[in-house]
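The values are calculated or read from the model by the stated rules, or taken from the named source; none is laboratory data. Worth saying up front: this structure is predicted, and the values here are computed from it rather than measured. Don't worry about glycine lacking a Cβ; one is built from the backbone with ideal geometry, like all the others, and counts go over all protein chains shown. Heavy atoms of the whole protein, side chains included, go into the accessibility calculation; ligands, DNA and RNA do not. Shrake-Rupley method; radii C 1.70, N 1.55, O 1.52, S 1.80 Å.
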Amino acid sequence: MLPDPFPVKSTDYAITIDVEDYFHVAAFESVISPDRWDQYPCHIETNVQRIMASLDATPGKSTKATFFVLGWVAERYPALIREIAALGHEIASHGYHHQRLNHLSQDEFRQDVSASKALLEDLIGAPVAGYRAPSFSIDENRPWIQDELREAGYRYSSSINPVPHDLYGYRHAPRTPFLWENGLLEIPVATAEVLNRRIPCAGGGYFRLYPYALSKQLLQQAARQLAGPIVFYVHPWEIAPDQPRIQSASVKSRFRHYVNLHRTLPRLERLLSDFHWGKMSDLPVVIHHSK
Ligand SMILES: [Zn+2]
């Protein structure tokens, strides 16, 4: 009998968790500077544990996910990161300081992505292949972003949510995986197209805003339209309705951040049972690219 050339189980649906807390988000960047992050009570451990319990309790199977971990979090909660990895999930990088890429120089970006990768690899004793930019802020105008990611040794990026949005970087990007000019693999998160318009359906605030049935319908539509993976994302703070409120933020930022927090976890659990999710590193496109 011939050996199986692809021993890793493949899946077309990837679920991802951006491991950051409520005070790291871009929506609050104008009222909470990074040098004050240590003053806020951090709830990351509890919320990551709750998400891992839900992943493990998926009816009929235990779901494995990709965790894009912020370096700031990994530095303070090393045991948590080791535990995520030990449970069979993929550890990837969400950068170190969660600054949007249009706010960084090339040197600052190099520092951020190489330090976060080295820290995570030291913690888990295994290579880190994936990167996700804060707030999907990769754009096409800074080719040094892709060059630095390649140079740092990343194999793929999942840093594009190709929809119109005031913070995201690249609304006209392809909706399916593609190679940047330097060969870096990019895997955008899921979008649906309705009446020639791109509709976000990959998670975050939209998952909290839409009724669950609509999210499910849009993801099914995306699966029919995209000849490629369906990538979904959630943040640990999104499942925590009891988190401290940042009253000094704008009305728009507070609405985006706080809408329907109490609905996220039950919806996530329905999502886990309605689709067959796996981790990014098991996507066929990642496996083929690394050959
Ligand atoms: Zn983030």
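A few remarks follow.
- The range 22-41, residues that are within 19 Å of the chain's Cα centre (by Cα) and over 18 Å from ILE91 (Cβ atoms): TYR22, PHE23, VAL25, ALA26, ALA27, PHE28, GLU29
- Within the range 119-137, being at pLDDT 95 or above and in a loop (DSSP other than H, G, I, E, B) holds for GLY125, ALA126, PRO127, VAL128, ALA129, ARG132, ALA133.
- Search result, residues across the range 186-203 that are open to solvent by less than 20 Å² (accessible area, probe 1.4 Å), more than 14 Å from GLU140 (Cα to Cα) and either in contact with an Asp or Glu (Cβ under 6 Å, 6 or more places away or on another chain) or not in a loop (DSSP other than H, G, I, E, B) (or both): THR191, ALA192, PRO200, GLY203
For (1) at positive phi; (2) among the hydrophobic types (A, V, I, L, M, F, W, C), each residue gets a yes or a no:
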site	(1), (2)
SER135	yes, no
PRO143	no, no
TYR156	no, no
PRO162	no, no
ASP166	no, no
ARG175	no, no
LEU179	no, yes
VAL194	no, yes
TYR212	no, no
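- Identity of the residue in the range 247-269, closer than 20 Å to PHE232 by Cβ and of a type in the set (Lys, Arg), that ends up most open to solvent (accessible area, probe 1.4 Å): ARG263
- Output for the range 13-28, where each listed residue is within 12 Å of the ligand (Cβ to nearest atom) and either assigned to a strand (DSSP E or B) or acidic (Asp, Glu) (or both): THR16, ILE17, ASP18, VAL19, GLU20, ASP21
- In the range 270-282, the condition of being assigned to a strand (DSSP E or B), under 21 Å from ILE17 (Cα atoms) and within 16 Å of the ligand (Cβ to nearest atom) is met by no residue.
- Among the residues of the range 223-233, just one is over 13 Å from ASN161 (Cα atoms), open to solvent by less than 20 Å² (accessible area, probe 1.4 Å) and among the aliphatic types (A, V, I, L, M), namely LEU226.
- Only a single item in (1) under 18 Å from the mean Cα position of the chain (by Cα); (2) buried (at least 19 other Cβ atoms within 10 Å of the Cβ) is not met by THR176, and it is number (2).
- Annotation: GLY130 fulfils all but one of (1) within 16 Å of the ligand (Cβ to nearest atom); (2) farther than 11 Å from TYR154 by Cα; the unmet one is (2).
- Here ALA227 meets each of (1) touching a strand residue (DSSP E or B) at 6+ places or on another chain (Cβ under 6 Å); (2) of a type in the set (Gly, Ala, Ser); (3) assigned to a loop (DSSP other than H, G, I, E, B) with one exception, condition (1).
- Selection status of ALA86, more than 22 Å from GLY205 (Cα to Cα) and hydrophobic (A, V, I, L, M, F, W, C): yes
- Filter pass, TYR206 being in contact with a helix residue (DSSP H, G or I) (Cβ under 7 Å, 6 or more places away or on another chain) and either open to solvent by less than 60 Å² (accessible area, probe 1.4 Å) or in a loop (DSSP other than H, G, I, E, B) (or both): no
- Among the candidates LEU219, LEU195, LEU179, LEU226, residue that is closer than 24 Å to ALA65 by Cβ and modelled with pLDDT of 90 or more: LEU219
- Residue match in the range 212-232 (condition: under 21 Å from GLU20 (Cβ atoms) and free of Cβ contacts under 8 Å to residues at least 40 places away in the same chain): no
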